[in-house]
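Take a look at the structure set out below.
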Amino acid sequence: MTVLPVVAWTAASFPELTTAPLHQYCPVHEPLISDRYAAAVDWTVCRDSAEGHRLDPQTVQQICAHLQAMRTPKAQAVHTALLRLTGIP
């Protein structure tokens with residue numbers, strides 16, 4: 001069982017992404033939940049950037065911690081892109 005955050009990808013905000021409730025998932029559902037979280041991060045970054053909002057470094061670090069724990073290629077790609085976008089080493 002893996003513990004992952006749960007968010008609705010189209011309604012996500014940065015506070016929702018960092019405080020999403022954690023639930024346990026079996027190996028069958030883990031990739032789906034991981035990719036849904038990664039899509040929510042991707043969507044939120046794109047939407048907020050288009051609206052001129054800046055990314056808070058502490059929030060980005062919390063989100064990156066969630067993404068780093070996920071094993072899907074999509075989650076890892078979003079994690080890498082978010083680090084590059086914000087300049088966090």
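The values are calculated or read from the model by the stated rules, or taken from the named source; none is laboratory data. If you're wondering where the values come from, they're calculated on a predicted model, not measured in any experiment. As a convention, Cβ positions derive from the backbone with ideal geometry for all residues, glycine included, and neighbour counts pool all protein chains shown. Remember, those area values only see protein heavy atoms, side chains included, never the ligands or the DNA or RNA. Shrake-Rupley method; radii C 1.70, N 1.55, O 1.52, S 1.80 Å.
Quick one: Karplus J couplings for segment 34-46, per residue in order, coefficients 6.51, -1.76, 1.60, θ = phi - 60°, nearest Hz, x for Gly and Pro?
Calculated HN-Hα couplings, in order: 4, 5, 5, 5, 4, 5, 5, 5, 4, 4, 5, 4, 4 Hz.
From Cα pairs below 8 angstrom and at least 6 apart in sequence, can you work out the relative contact order of the chain, rounded to a whole percent?
30
Could you state the principal axis extents of the C-alpha atoms in segment 1-74, from the largest down, to the nearest angstrom?
38, 21, 21
Name the residue from 39, 17, 52 whose Cα lies farthest towards the positive end of the charge dipole of the chain, charges +1 on Cβ of Lys and Arg and -1 on Cβ of Asp and Glu.
Projecting each Cα onto the dipole axis, the largest value belongs to 39.
So what is the 222 nm mean residue ellipticity for the chain from helices alone, if each DSSP H run of at least 4 adds -39500 (n - 2.57) and you divide by all residues, rounding to the nearest 500 deg cm²/dmol?
-19000 deg cm²/dmol
Please list the non-local residues whose amide H lies under 5 Å from the amide H of residue 25, H modeled 1.01 Å from N, same-chain partners needing a gap of 5 or more.
For residue 25, the qualifying residues are 2, 3, 4.
Could you look at the chain and say what percent of its accessible area is carbon and sulfur, using a 1.4 Å probe and all protein chains?
Whole-percent figure for carbon plus sulfur exposure: 59.
Using the heavy atoms of the protein chains and a 1.4 angstrom probe, tell me the accessible area per residue for the chain in square angstrom.
Value returned for the chain: 60 Å² of accessible area per residue.
Order 16, 30, 51 by their accessible area, 1.4 angstrom probe, all chains in place, largest first.
So the residues, ranked largest to smallest area, are 51, 16, 30.
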